[in-house]
1. Can you give the translational diffusion coefficient of the stretch 132-218 in µm²/s, computed by Stokes-Einstein from the Kirkwood radius over Cα pairs at 4 °C and 1.567 mPa s?
2. Using a 1.4 Å probe on the protein chains only, how many percent of the accessible area of the stretch 7-233 belongs to carbon and sulfur?
3. Which loop GluC sites (Glu not before Pro) in the stretch 9-109, with loop taken from DSSP, have no more than 13 other Cβ atoms within 10 angstrom of their Cβ?
4. Please get the size of the charge dipole for the chain, origin at its Cα centre, with Cβ charges of +1 on Lys and Arg and -1 on Asp and Glu, quoted in debye to the nearest 20.
5. Show me the ranking of peptides 184-193, 140-149 by mean Cβ neighbours inside 10 Å, starting with the highest.
6. In whole Å, what are the extents of the stretch 7-233 along the principal axes defined by its C-alpha atoms, from largest to smallest?
7. Considering just Cα atoms, how many Å³ per residue does the convex hull of the stretch 45-137 enclose?
8. Using alpha-carbon positions, what is the distance between the centroids of the stretch 1-54 and the stretch 102-157, in Å?
Amino acid sequence: MTLRGKTAVVTGGSRGIGRAIVRRLARDGARVVFSYRENAAAADELVGELEQVTGVRADQADPDSLDALFAAVPDGLDILVNNAAINPPLPVAELTGEDFDRVMTVNAKFPALAIRRAAEVMRDHGRIVNISTLNTVVPASGHVLYCASKAALEQFTAVAARELGGRGITVNTVSPGATDTDLLRATNPPEALAQTPEITALGRLGRPEDIADVVALLAGPDAGWITGQNIRATGGLLV
Ligand SMILES: NC(=O)c1ccc[n+]([C@@H]2O[C@H](COP(=O)([O-])OP(=O)(O)OC[C@H]3O[C@@H](n4cnc5c(N)ncnc54)[C@H](OP(=O)(O)O)[C@@H]3O)[C@@H](O)[C@H]2O)c1
């Protein structure tokens, strides 16, 4: 129960990696508020499964929804995990300004403003973890805005680490490799997923819990000296 007495906000907690993070932080003793976009049934199921966990509908396409999310932590905050993101197929040749605004808002603007809001209410020695992707070093054809928005998030992480370090707040990135979720299956053909274990040192796809373990480490008491880092949790997909 390393996080007993701590309060965490996790974005995109209703499914996939975010849900595993919610479960892990709650298991470690934290009170957790998570956001979701539309899947109220999945959110309700998770709330029913765990104690001290609350779901808040907050669509990252609308940064005003930050108000609802932070209203749920009136007594201050210890941990923020910026996890939610979208990855629509978008080749450079088909890019529109509307696409740019939409993906950048969900994946970069909202998380950046969440860091700002979190910093206002976060207690000293708090933790911020931003979920990026291996695709900022291994660019994915047809996913230009996903890669670009996550690269922006990595820079917000690095600068925030410097600016908030004086309060003992750490800010880190966790970059998953191929992790078995709805998003992975929606963005990769089955043949590609079947081959991924062969090019992964640990010989399998990642599980959401693999990423949650790394987030828990960074959120926990033993990681106070790690900040401004990008932990590539890929099972050795990139070595
Ligand atoms: N899976 C991978 O292989 C992989 C690899 C590298 C990085 N990542 C990163 O890991 C993170 C989680 O990915 P995942 O694979 O778990 O995704 P996922 O299975 O698609 O789950 C996405 C979660 O985010 C929420 N969400 C999506 N758009 C939202 C919005 N506009 N506002 C609020 N919540 C929103 C969803 O809520 P609803 O349930 O309401 O839709 C859901 O809870 C992302 O940052 C992704 O880039 C994943």
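1. After rounding, the answer is 89 µm²/s.
2. Roughly 51 percent, rounded to a whole number.
3. Working: sites: E38, E45, E49, E51, E94, E98; in loops: E38, E51.
Within the stretch 9-109, the qualifying GluC sites (Glu not before Pro) (loop, at most 13 other Cβ atoms within 10 Å) are E38, E51.
4. 580
5. Details: 184-193: 12.2, 140-149: 18.8.
Highest-to-lowest ranking by the protection proxy: 140-149, 184-193.
6. Between the extreme Cα coordinates on each principal axis of the stretch 7-233 lie 47, 38, 37 Å.
7. Numbers: hull volume 12.7 nm³, N = 93.
Residue-normalised Cα hull volume stands at 136 Å³.
8. Centre-to-centre distance over Cα atoms comes out at 19 Å.
The values are calculated or read from the model by the stated rules, or taken from the named source; none is laboratory data. Just so it is clear, the structure is predicted and the values come from calculations on it, not from any experiment. When we count neighbours, we look across all protein chains shown, and the Cβ atoms used for this are built from the backbone with ideal geometry, even at glycine. Note: accessible area is taken over every heavy atom of the protein model, side chains too, but ligands, DNA and RNA are not part of it. Shrake-Rupley method; radii C 1.70, N 1.55, O 1.52, S 1.80 Å.
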